[in-house]
Structure formats: C-alpha cells, structure tokens
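Throughout, read-outs are computed from the coordinates displayed, never taken from laboratory work. These numbers were taken from a predicted model, which means no experiment stands behind them. Positions of Cβ are generated from backbone atoms using ideal geometry, with glycine treated the same way; all protein chains shown enter the neighbour counts.
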C-alpha cells in the first residue's frame, strides 16, 4: 500500500492542482510573491502526508 492511495493525499493533490490553475489568473506583478508562495504551500500538503506515511 502506498501513500498515494490515501484519501487525504488524493484530495490534497486535487486541491493543489486546482490552486495551480486558479493562480494562473493572478496578476503578473504577483508572480514572484503571492502566486509563488501559494503554489509552494499547496504542494507541501501532499509532501507532508507522504513524509508522515513513511514514518
């Protein structure tokens, strides 16, 4: 069994993809501040789930 089969991981990944698509519509002047931070945070959810699963 893998962490990718966990319901929390699946929902977190789907949400991260949604956030990425929505953040494409943000103004260009926000690309390196707000947009980048939001995208990194959304990816960390799945990363934390996978790290916790391994321990």
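Counted by neighbouring Cβ atoms within 10 Å, the residues 42, 33 run from fewest to most as 33, 42. Potential lengthening of the chain between residue 1 and residue 54 amounts to 18.0 nm, from the contour at 0.36 nm per residue minus the alpha-carbon distance.
Among the listed values (1) 97; (2) 58; (3) 74, the one computed from these coordinates for volume of the Cα convex hull per residue in Å³ is (2). Would you calculate, for the chain, the mean residue ellipticity at 222 nm contributed by helices, counting each DSSP H stretch of 4 or more residues as -39,500 (n - 2.57) and dividing by all residues, to the nearest 500? Mean residue ellipticity at 222 nm (helix-derived): -22000 deg cm²/dmol.
Under a Gaussian network description of the chain, with springs only between Cα atoms under 10 Å, the residue in 15, 34, 44 that fluctuates furthest is 34.
Taking the fewest neighbouring Cβ atoms within 10 Å as the starting point, the ordered list for 55, 4 is 55, 4.
Here the residues 41, 46, ranked from fewest to most Cβ neighbours within 10 Å of their Cβ, fall in the order 41, 46. Across the chain, Cα pairs under 8 Å and at least six residues apart give a relative contact order of 51 percent. How far is helix 7-23 tilted, in degrees, relative to the longest principal axis of the Cα atoms in the chain, given as a value from 0 to 90 rounded to the nearest 10? Approximately 10 degrees, to the nearest 10.
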